[in-house]
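The values are calculated or read from the model by the stated rules, or taken from the named source; none is laboratory data. Note that the structure is a prediction, hence the values are computed from the model and not measured. Here the Cβ positions follow ideal geometry from the backbone for every residue, glycine too, while neighbour counts run over all protein chains shown.
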Amino acid sequence: MTTPEPATISKVPVPGPVPELRVGSVHRTELDNGADVMVVPRPTVPRIEFRLSVPAGSALGPTAATAELLRMGLPLGTAELDQEQLAERLQDLGGSLQVYQDLDRLTLQAAALSEAEDELYRLMAALVAGPHFPGNDLQTEKAKLAEALRSARATPHFPPHEAVGQLVYRDHPYGRLEPTEGQVARVSRGSLLDLHRLTFIPRSAQITVVGDVDPRRTLRHLRSAFGAWEGPRRVPLAPRVRARVEPELLFLERPGSVQTVILSASSGPTHGEEGHIALTLATAVLGGGFTSRLMSNLREDKGYTYSPHARLENHLRDGMASASMEVRSDVTAAALAEIQHELARLATVAVPEAELRTTKSYLIGARLVMLQTQSGLASALAQVRGHGLDHRYLERYQQLVERTSAAEVMAAARRHLAPTAMTTVMVGDPSAAEGLEALVPVRRRRSPAG
Amino acid sequence: MTSGPSPRISTFRLDNGLEVVLSPESTSPTVGVGVFYRVGFRLEPEGRTGFAHLFEHLMFQGTTKVPKPQFGNLINSAGGLLNGFTRHDYTAYFEILPASALEMACFLEADRMRELDLNQETLQNQLSVVEEEVRVNVLNQPYGGFSWLWLPQYAFSRFPNAHNYYGEFQDLEAATVQDAADFYRTWYGPGNATLVLVGAFDDKEARRVVQRHFASVPPRPAPPDPDLEEVLPSTRREHERQDPLAPTPQVAVGYPTAPFGTKDHLPLALAARILTDGRASRLQRTLVRERALLLHIAGGPMYPIGDSFEFRGPALFTLEATPRDGVPTGEAVAAIDQEMARLAADGPTEDELRRSRRRELAAYHSHPDSRLGRLTALGVMAAVHRSPEMVDQVAERFSQVTPEQVAGAVTRWLRPERSTVLHWRPRAKGGRG
């Protein structure tokens, strides 16, 4: 079937435009107890993805240790179903369960073969209505958490993330420090049960199901599984953020580090807020994808770093824009100079049309790829629903990105990504700090595990 | 057991030797394009540890027709994502992009299969980048490279299996443009590659596109499969490494595992699930919960990088454990030995086996939902084992495994005297743990 001596094609074929993003048919309803349900049929494979989110995390937890142990304690099961029985039942459904928590929400993320969806909903309903936190198992989770925190503090990445959150958000709950081992040890079973009662309130809950489902049948199963779950009021949300970011550098000394971790961050708009899409684009031009400015300059030209990137983390009350990378110790100051140069350029020179075009296509394409899977769509829906938005926001995203101008991108960058808008934390060998004072005011402190 | 709907697979071969696997599926207007070369860590030359991965970086450094920064620009401009990864027995390059960019991706992959612009400047640049990658993932992290990078160096004795896959810095720094040209000529010809297309395309049209772009790549004869065999050990080897960054001791146990296609291969994949998969697994139940000796245990064939299907040379079935404060790593290993002996003697319960199969069935059903998942499953099975059709048969084969087969496989392979133990020690004396 092949022909001999085929000719070589010498011109790059031109692809068409990025196709439109479609979520498909969406079925939304409110259960009698107030839980907000969204079901999206996506019969690509015979599975379902389930998300149940409630406001939680830093806005609610009395301490970070209690909040984290609530997350870890849910898979310990109920009074009727211990952790092994729960895990066995999930395996029989071809299922899985992870519990996630960010600054605003706690999410049960589960999956199962679609033939077993009703059983999955019953298991999840049992967990949200009556987790048990049995004493011995709770002790084990505490020991795991203490060890995880010890190991995390020994990495060069955890301390700067903790420090930068505090520098940007200060007294706001978003700036809360991660737990100490002492705080973990002091958490009682009673405080977990209290926090659970405060957190798992149906009126504040959002349930998302994506997969190979008949929506009417799925709604019936959800009603029957979650019908008995009760609770009167709504959960409070985190207060508004009033960030005041100082353009300075905190250098955390970690003697013997063979590399310096650099993390610069600032406060900006989040999903649905004025300027959010412009800042998303500015962040992507700076450090998204293979062809971003940080990548081209600090990696592909200078060879200072492996994986430089910038991102916008969308909390409910704030978008934290950040740029981060790890560089070899002896070019730490040189790398910061280049980062500042890129930040300043983005804030003062309009992004050329071709580069903006590429970045827009990259963002839209990445979104398209993410939303094509059951799990990607379920997670994206759960996330935007937490911001009071829905599938229409996901579908409008392409248009919102397309119509943002270079001038708007520059304005967003000037406000939120300029060197004067960012605070920086570094973790490295003390010798790597040499020369940094020439660029920014420097404070030094010993890294927690250093 | 249901087998469920699955995209169909077709395969063909071009005259230059390129193997092509097509798996059309059009629920989303996207495609995945992947090229899998049959070369990985094991085949890098002695004195050039880390070279297979360094070379992967050079594949993104441009050609005469598509100079350095353009490859990524073109893919991103089309709304696509791209990356590459190096493993023990293959190296993969992929793009996930809107369906209309299929032809462009084929053009770009064919272009870098035909020739590369290898030069001192990009080599030097990517050498620096790779050294930072090694620092990020290994040298500046507690437990960096523990089971996947260090354990095989103790467990195996021949260079292809027992060297530092990420690369000793003196070896990386000794690499020359000529080394890169030789490696490319030897291992990156169409006869040593598999092209995989998944997603929204028409089978006939895709064949024409593949033909148009890849048929003109000149053939380079594929080298014969090298001999990688190891002699199986007959006594347990114990080693330790000091890690100044680690706060707590850990321990890894590695057992040579059954090769693909042998009778014990699939039973050992299920044994991994039965032993370590989640809170209902044997080792979590007995050692974490009941006996309270460990905080964590995880493992399986090629853990933590790879799975039961990723290898064709010698490979390890690895268990990695974190003992509780005050429990010596030796006690953790003794407890693991007891549980292994129990599984070998009594086999799994019907219940354990059924649940492990349900997990495999769920994994089988979830992989085609993502273009990258489907692409990787097909590429690995085609490039490493020459049997892409296995991807859609594996759930059915797992359903036929019996408790006796699992017990037999554990008895034959997961034996203490075959294993290598690596104790990972915090350096600080009198420190915690």
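For this structure, a couple of remarks:
- Lone qualifier among B:E103, B:E46 - being in contact (Cβ under 8 Å) with a residue 60 or more places away in the chain, away from chain A (no Cβ under 12 Å) and farther than 30 Å from A:P41 by Cβ: B:E46
- Residue-level check: of (1) within 30 Å of A:I364 (Cα to Cα); (2) of a type in the set (D, E, K, R); (3) facing chain B (nearest Cβ under 10 Å); (4) surrounded by fewer than 23 Cβ atoms within 10 Å (Cβ to Cβ), A:R28 misses just (3).
- If the condition is being among the small types (G, A, S) and more than 30 Å from B:D307 (Cα to Cα), then the range B:100-127 contributes B:S100, B:A101.
- B:E230 in contact with a Pro (Cβ under 7 Å, 6 or more places away or on another chain), in contact (Cβ under 8 Å) with a residue 40 or more places away in the chain and among the acidic types (D, E): yes
- The range A:75-102 - residue that is of a type in the set (D, E) and within 9 Å of chain B (Cβ to nearest Cβ) and, of those, nearest to B:L287 (Cα to Cα): A:E84
- Scan of the range A:157-193 for residues that are closer than 24 Å to A:L138 by Cβ, without any contact (Cβ under 8 Å) to a residue 12 or more places away in the chain and assigned to a helix (DSSP H, G or I), ordered by number: A:G182, A:G190
- Filter result for B:P249 (in contact with a helix residue (DSSP H, G or I) (Cβ under 8 Å, 6 or more places away or on another chain) and within 30 Å of A:G428 (Cα to Cα)): yes
- Scanning the range B:57-74 for residues that are more than 11 Å from chain A (Cβ to nearest Cβ) and crowded, with 20+ Cβ neighbours inside 10 Å yields B:L58, B:M59.
- Scanning the range B:117-132 for residues that are in contact (Cβ under 8 Å) with a residue 24 or more places away in the chain, acidic (D, E) and buried (at least 21 other Cβ atoms within 10 Å of the Cβ) returns a single hit, B:E131.
- Number of residues in the range A:186-207 that are touching a Ser or Thr at 6+ places or on another chain (Cβ under 6 Å) and polar (S, T, N, Q) equals 2.
- Candidates B:V384, B:V327, B:V333, filtered to the one that is away from chain A (no Cβ under 14 Å), surrounded by fewer than 24 Cβ atoms within 10 Å (Cβ to Cβ) and either more than 20 Å from the chain's Cα centre (by Cα) or not in a helix (DSSP H, G or I) (or both): B:V333
- Scanning the range B:75-100 for residues that are more than 7 Å from chain A (Cβ to nearest Cβ) and assigned to a loop (DSSP other than H, G, I, E, B) turns up B:R87, B:H88, B:D89, B:Y90.
- Odd one out for A:D212 among (1) within 14 Å of another protein chain (Cβ to nearest Cβ); (2) more than 30 Å from A:A333 (Cα to Cα); (3) surrounded by 22 or more Cβ atoms within 10 Å (Cβ to Cβ); (4) over 25 Å from the mean Cα position of the chain (by Cα): (3)
- Among the residues of the range A:195-232, those that are farther than 18 Å from A:T107 by Cα and assigned to a helix (DSSP H, G or I) comprise A:P215, A:R216, A:R217, A:T218, A:L219, A:R220, A:H221, A:R223, A:S224.
- In the range A:98-118, the residues that are of a type in the set (A, V, I, L, M) and touching a Phe, Trp or Tyr at 6+ places or on another chain (Cβ under 9 Å): A:L103, A:L106, A:L108, A:A110, A:A111, A:A112
- Residues in the range A:245-272 that are within 30 Å of A:D390 (Cβ to Cβ) and in a strand (DSSP E or B) were compared, and the one that is farthest from the other protein chains (Cβ to nearest Cβ) is A:S267.
- The range A:289-387 holds helices (runs of 4 or more DSSP H) entirely within its bounds, and those carrying 2 or more residues that are touching a Lys or Arg at 6+ places or on another chain (Cβ under 6 Å) and assigned by TED's automatic domain parsing to the domain that holds A:A418 map to A:332-348, A:374-386.
- Enumeration of residues in the range A:126-145 that are in contact with a strand residue (DSSP E or B) (Cβ under 9 Å, 6 or more places away or on another chain) and in a helix (DSSP H, G or I): A:A126, A:L127, A:V128, A:A129, A:D137, A:T140, A:A143, A:K144
- Filter result (in contact (Cβ under 8 Å) with a residue 60 or more places away in the chain and part of a loop (DSSP other than H, G, I, E, B)) within the range B:162-182: B:H163, B:N164, B:Y165, B:Y166, B:G167, B:E168, B:A175
- Filtering the range A:318-350 to residues that are touching a residue at least 60 places away in the same chain (Cβ under 8 Å), over 24 Å from A:H387 (Cβ atoms) and away from chain B (no Cβ under 14 Å) leaves A:A333, A:L336, A:A337, A:I339, A:Q340, A:L343, A:A344, A:L346, A:A347, A:T348, A:V349, A:A350.
- Any chance B:P160 is closer than 26 Å to B:S419 by Cβ and more than 10 Å from chain A (Cβ to nearest Cβ): yes
- Test result for B:R220, within 14 Å of chain A (Cβ to nearest Cβ), more than 21 Å from the chain's Cα centre (by Cα) and buried (at least 17 other Cβ atoms within 10 Å of the Cβ): no
- Candidate set: the range B:240-274, residues that are within 14 Å of chain A (Cβ to nearest Cβ) and out of contact with any strand residue (DSSP E or B) (no Cβ under 7 Å at 6 or more places or on another chain); chosen: the one surrounded by the fewest Cβ atoms within 10 Å (Cβ to Cβ): B:P244
- Taken together, B:Y184, B:Y188, B:Y255 contain a single residue that is of a type in the set (F, W, Y) and not assigned by TED's automatic domain parsing to the domain that holds B:L118, which is B:Y255.
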